[in-house]
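Asker: Here it is: the structure, laid out below.
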Amino acid sequence: MNETVAVLGTFQTEFRTHHLRHTFVEQAQIAAAGALHDAGMTPDDIGAIVFSLGPTTFMGVADADRWAIDYVFGAGKPMLRVHTGGATGGSAVQAAYNLVRAGLHRSVLIVGAERIAETPDAQKVLNLIFDVFYERDMPLATNTSAALWATRYLERYGNTQEDLARVVVRARRNALKNPHAHLKGIITVADVMASPMISHPLKLFDICPRSSGSAAMVVGNMDMARRFQPRPAFINGVASRTTTHWFGDRMTPSADSDFFDFDVVASAGRECYGRANISDPLSEIQVTELYDPYSITAALQLERLRFCSPGTALKLERDGYWNVEGGAVAVNPSGGTLCTNPIAVAGLVRAIDAANQVMGKAGAMQVSGVRNAISSSVGGIGQFYNCTIFGTEPVGD
Amino acid sequence: MSVFVLGVATHPPSLQERRLRLEEMAYHTARAALDDAGVTRRQLDSVTLGSSDELDGRPISSMLMSAPAGGYETDEIKVTDSGATALCMAYARFLSGESQLGLVVSWCKSSKSDVEAVMRLRGDPFYTRPLGIGAAISDALFAQAVAAEFGIDEEEVARRVVGAYARAAGNPRGIRHAVPSLESVGRSPFEAMPLRSAQRAPLTDGAVAMVLASGRFVNSHPGCRPLARIAGVGWATDSYRLDAARLRSMTSARVAWREAMRQAGVESTAELDVVELESQSGFHEAAYVRAFGIENEDALSPSGGPFAQNPLFCTGLINAAEAVLQVAGRAGAVQRHRAQRAAAHSCHGYAQQGNVVMVFEGVGDSR
């Protein structure tokens with residue numbers, strides 16, 4: 001089967017450090033019910049459920065998706081959980097896409113929730129994702145790993161910490177129009193530079209917050225789209241890549257994939273563009289919602305996804321190339337992961353924000369004339385990558 | 001569109017694998033499956049993993065495990081329900097046309113994990129966890145419910161346990177536990193009423209890998225001979241609640257079974273030559289046989305199921321491998337004569353919260 005797959009409904013909560021009024025499963029239910037309501041559907045209209053949930057160590061409930069079964073209307077239905085670290089949300093969308101495209105289900109609910117701030121220090125948990133013998137004592141965690149990335153990039157291409165800071169300034173400004181965003185506001189390069197140093201050259205403002213909240217999306221085949229959504233977003237391209245865990249194996253001259261060059265992005269992007277019939281992303285894609293938990297992460301992706309040449313993304317940032325108003329492409333109109341990072345659903349939120357732009361329902365964030373939008377998510381330390389292209393029209397096989 | 005199994009491999013079972021790290025177990029098993037299929041890792045365009053962070057003992061365990069399991073410079077995804085769920089996910093990726101050659105890999109080093117602690121941590125922090133409910137207690141609740149529902153008695157349970165051990169004793173891929181007597185099963189201590197220790201399948205360490213291919217790949221590679229065709233898959237989840245109505249209804253098991261049989265065009269269980277059940281205890285076998293309407297006991301779990309080997313998270317996918325070997329005529333000493341169609345079952349979670357059923361058909365020399 002090669003069913004066309006469409007986004008029928010989306011929902012996300014407001015994201016903040018804590019959601020004290022709801023439990024994890026209630027958060028999941030709010031999102032599930034919200035997406036169903038958005039699509040005008042009831043639980044009986046859903047054929048299967050994909051639960052988006054990364055490490056449960058943050059919250060301390062093993063396989064917490066099971067706890068949520070009844071709350072997301074999953075009892076008696078086919079349900080599975082996808083977990084690819086930070087890439088989980090994007091992987092969950094692609095898993096649901098596969099279930100519909102395969103003809104196994106007419107509609108699938110993708111849902112998840114995150115309460116990362118239940119743990120006092122996420123970096124201590126994220127240290128545990130590294131190898132016990134070689135890496136944990138260094139100590140590697142996501143902040144220190146991303147700092148290595150930023151250091152190499154700045155040195156190689158002659159950029160400065162101020163160049164990174166401009167990315168944060170744009171993201172916080174964009175997030176002002178996003179009612180769901182965790183961090184938002186008008187800040188200056190000087191504000192970013194004055195924020196506490198966390199891991200050189202990354203300062204506090206260069207790093208995403210720990211966000212809690214939930215999100216859901218309903219996807220379906222053309223029959224369901226005709227019934228429930230007059231203006232769907234079609235999932236026209238998906239691709240995913242995984243490389244080795246080991247930094248050392250991604251840094252040698254003979255490495256298959258260079259850690260700092262983020263080669264998995266280029267590889268996945270090529271495949272995704274091929275499926276979506278995109279030949280010139282800069283002219284054919286109007287919005288990106290890239291997974292960017294650090295100020296360096298989107299720049300690397302923009303280059304590897306061929307929106308600009310290697311080493312130029314931060315220079316173009318100075319010229320406003322990635323601005324919503326007057327830019328060449330609107331990069332993360334939502335403020336992106338830099339402003340909101342609920343790990344379990346961060347990739348799903350990227351996909352929702354991209355799909356909403358295509359469906360013309362992004363509210364104050366809406367970019368005019370959107371025909372195609374791309375979302376992405378990243379897991380491990382640049383180890384897992386996936387991207388998805390949403391379009392106003394379906395692309396035939 | 002047809003999806004074929006090109007190769008399978010299971011790690012040599014062990015009560016405690018001391019020689020190899022978990023990633024080495026996955027590597028050797030994935031490599032053996034690729035060799036069995038006659039393909040190389042570089043030919044793969046997808047890898048689907050089934051594993052549990054909690055049982056693996058590290059967050060995002062696939063960071064370390066994906067490359068040894070074949071997920072290097074390719075499309076890779078991980079599901080956390082069970083190894084058999086990974087096969088369902090992979091099957092969808094093939095049916096959707098997204099993959100032509102892929103690997104499904106799952107593992108579990110039960111000896112390195114405190115399985116009861118992991119199960120207790122599955123309890124919600126408000127109601128279930130304070131009760132201390134883990135695997136033994138939830139399985140016992142299941143046993144209690146199905147015993148009442150179906151009239152299962154201890155004598156039948158002991159007979160089924162001894163029968164499973166006896167079948168497992170002939171399985172060259174099993175651990176070959178000693179076959180207990182009916183009396184020793186019936187007199188073993190209670191772990192949680194009414195479940196006795198000897199009625200439960202012992203945990204082992206293990207891993208399993210399966211190479212899948214599309215019809216297009218098979219047709220364009222005449223040297224590759226499929227072992228089986230996937231005729232249908234079904235999976236479903238039950239309520240999180242552990243009340244008697246949920247436990248005795250076995251809803252997800254019935255839904256999964258019905259869907260897999262519908263896809264496979266199987267109208268009666270008599271059409272199945274083999275049914276590999278994941279029976280974590282004698283009560284489970286007795287309940288599943290009744291829920292699925294299995295009357296031909298000769299078809300029942302020739303491998304011995306979990307009583308042959310039971311690396312908890314991937315036991316169901318090992319059942320699938322056994323079913324594939326049956327229809328390929330490669331099951332060795334436990335081979336059923338002229339097995340053409342085999343079903344494999346998997347269950348997972350508290351008291352079999354989720355169930356997966358897969359049907360495989362032999363392909364012989366025709367394609």
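Asker: Taking region B:185-195 as the search range and keeping residues that are out of contact with any Ser or Thr (no Cβ under 6 Å at 6 or more places or on another chain) and open to solvent by 50 Å² or more (accessible area, probe 1.4 Å), which one is farthest from B:LEU312 (Cα to Cα)?
Answerer: Ranking the qualifying residues of region B:185-195, first place goes to B:ARG187.
Asker: Could you check region A:70-114 and list, in sequence order, the residues that are under 21 Å from A:ILE374 (Cα atoms) and of a type in the set (Gly, Ala, Ser)?
Answerer: A:GLY85, A:GLY86, A:ALA87, A:GLY89, A:GLY90, A:SER91, A:ALA92, A:ALA95, A:ALA96, A:GLY112
Asker: Can you go through A:LEU348, A:LEU338, A:LEU316, A:LEU302 and tell me which one is within 26 Å of A:HIS245 (Cα to Cα) and free of Cβ contacts under 8 Å to residues at least 40 places away in the same chain?
Answerer: A:LEU302
Asker: If I ask for residues that are farther than 22 Å from B:GLU297 by Cβ, open to solvent by 30 Å² or more (accessible area, probe 1.4 Å) and under 22 Å from the mean Cα position of the chain (by Cα), which ones from region B:128-171 would you list?
Answerer: Matches in region B:128-171: B:ILE137, B:LEU141.
Asker: If you don't mind, there's one more thing I want to ask. Among the residues that make up region B:340-360, is at least one of them among the charged types (D, E, K, R), surrounded by fewer than 24 Cβ atoms within 10 Å (Cβ to Cβ) and either closer than 17 Å to B:ASN171 by Cα or out of contact with any helix residue (DSSP H, G or I) (no Cβ under 8 Å at 6 or more places or on another chain) (or both)?
Answerer: No, because not a single residue in region B:340-360 is among the charged types (D, E, K, R), surrounded by fewer than 24 Cβ atoms within 10 Å (Cβ to Cβ) and either closer than 17 Å to B:ASN171 by Cα or out of contact with any helix residue (DSSP H, G or I) (no Cβ under 8 Å at 6 or more places or on another chain) (or both).
Asker: Any idea which of A:ALA64, A:ALA33 is open to solvent by 10 Å² or more (accessible area, probe 1.4 Å), of a type in the set (Gly, Ala, Ser) and either more than 9 Å from every other protein chain (Cβ to nearest Cβ) or touching a helix residue (DSSP H, G or I) at 6+ places or on another chain (Cβ under 7 Å) (or both)?
Answerer: Of A:ALA64, A:ALA33, the one residue that is open to solvent by 10 Å² or more (accessible area, probe 1.4 Å), of a type in the set (Gly, Ala, Ser) and either more than 9 Å from every other protein chain (Cβ to nearest Cβ) or touching a helix residue (DSSP H, G or I) at 6+ places or on another chain (Cβ under 7 Å) (or both) is A:ALA33.
Asker: How many residues, within region B:262-290, are in a helix (DSSP H, G or I) and closer than 24 Å to A:ASP63 by Cβ?
Answerer: Residues that pass the stated criteria total 4.
Asker: Also, I was wondering about something else. Evaluate region B:107-114: report whether one residue or more is in contact with a helix residue (DSSP H, G or I) (Cβ under 7 Å, 6 or more places away or on another chain), in contact (Cβ under 8 Å) with a residue 12 or more places away in the chain and part of a helix (DSSP H, G or I).
Answerer: Yes.
Asker: Here's another thing I want to ask about it. Hand me the list of helices (runs of 4 or more DSSP H) wholly inside region A:306-393 holding 3 or more residues that are within 23 Å of A:ARG115 (Cα to Cα) and open to solvent by less than 10 Å² (accessible area, probe 1.4 Å).
Answerer: So the answer is A:336-339, A:343-359.
Asker: Here's something else I'd like to know. All but one of (1) over 20 Å from B:SER239 (Cβ atoms); (2) in contact with a Cys (Cβ under 9 Å, 6 or more places away or on another chain); (3) open to solvent by less than 10 Å² (accessible area, probe 1.4 Å) hold for A:HIS83; which doesn't?
Answerer: That leaves (2) as the condition not met.
Asker: Let me ask something additional. Counting just the residues of region B:63-76 that are in a helix (DSSP H, G or I) and within 7 Å of another protein chain (Cβ to nearest Cβ), which one comes out farthest from A:MET59 (Cα to Cα)?
Answerer: B:LEU64
Asker: Take the residues in region B:196-219 that are surrounded by fewer than 24 Cβ atoms within 10 Å (Cβ to Cβ) and among the aliphatic types (A, V, I, L, M), then tell me which one is nearest to B:LEU20 (Cα to Cα).
Answerer: Ranking the qualifying residues of region B:196-219, first place goes to B:LEU203.
Asker: I need a count of the residues in region A:79-130 that are hydroxyl-bearing (Ser, Thr, Tyr), more than 7 Å from chain B (Cβ to nearest Cβ) and under 14 Å from the mean Cα position of the chain (by Cα).
Answerer: Residues that pass the stated criteria total 1.
Asker: Would you mind telling me which numbered condition in (1) within 8 Å of chain A (Cβ to nearest Cβ); (2) without any contact (Cβ under 8 Å) to a residue 24 or more places away in the chain; (3) part of a helix (DSSP H, G or I) B:GLU54 fails?
Answerer: It is condition (2) that B:GLU54 fails.
Asker: Hey, among A:SER309, A:SER376, which residue is within 14 Å of the chain's Cα centre (by Cα) and small (Gly, Ala, Ser)?
Answerer: The unique qualifying residue is A:SER376.
Asker: Given the condition assigned to a strand (DSSP E or B) and closer than 30 Å to B:VAL105 by Cα, answer yes or no: does some residue in region B:192-201 qualify?
Answerer: Yes, there is a match, as at least one residue in region B:192-201 is assigned to a strand (DSSP E or B) and closer than 30 Å to B:VAL105 by Cα.
Asker: Exactly one of these conditions fails for A:PHE58: (1) more than 7 Å from every other protein chain (Cβ to nearest Cβ); (2) in a loop (DSSP other than H, G, I, E, B); (3) open to solvent by 10 Å² or more (accessible area, probe 1.4 Å). Give me its number.
Answerer: Unmet for A:PHE58, out of (1) more than 7 Å from every other protein chain (Cβ to nearest Cβ); (2) in a loop (DSSP other than H, G, I, E, B); (3) open to solvent by 10 Å² or more (accessible area, probe 1.4 Å): (3).
Asker: Which is open to solvent by 10 Å² or more (accessible area, probe 1.4 Å), within 14 Å of another protein chain (Cβ to nearest Cβ), at pLDDT 95 or above and more than 24 Å from B:GLY215 (Cβ to Cβ), of B:TYR27, B:TYR91?
Answerer: Unique residue meeting the criteria: B:TYR27.
Asker: For A:TYR157, state whether it is over 16 Å from A:PRO293 (Cβ atoms) and among the aromatic types (Phe, Trp, Tyr).
Answerer: yes
Asker: Going by the structure shown, is B:GLY97 open to solvent by 10 Å² or more (accessible area, probe 1.4 Å), more than 30 Å from B:ILE137 (Cα to Cα) and within 9 Å of chain A (Cβ to nearest Cβ)?
Answerer: Considered against the rule, which asks whether it is open to solvent by 10 Å² or more (accessible area, probe 1.4 Å), more than 30 Å from B:ILE137 (Cα to Cα) and within 9 Å of chain A (Cβ to nearest Cβ), B:GLY97 comes out as yes.
Asker: Which residues, counting only those in region B:230-273, are within 30 Å of B:GLY7 (Cα to Cα), away from chain A (no Cβ under 11 Å), of a type in the set (A, V, I, L, M, F, W, C) and open to solvent by 30 Å² or more (accessible area, probe 1.4 Å)?
Answerer: B:ALA270
The values are calculated or read from the model by the stated rules, or taken from the named source; none is laboratory data. Predicted model only: the values in this text are computed from it and were never measured. A quick note on method: Cβ atoms are made from the backbone with ideal geometry, for glycine too, and the neighbour counts reach across all protein chains shown. To get the accessible areas, we keep the full protein, side chains included, count just its heavy atoms, and leave off ligands, DNA and RNA. Shrake-Rupley method; radii C 1.70, N 1.55, O 1.52, S 1.80 Å.
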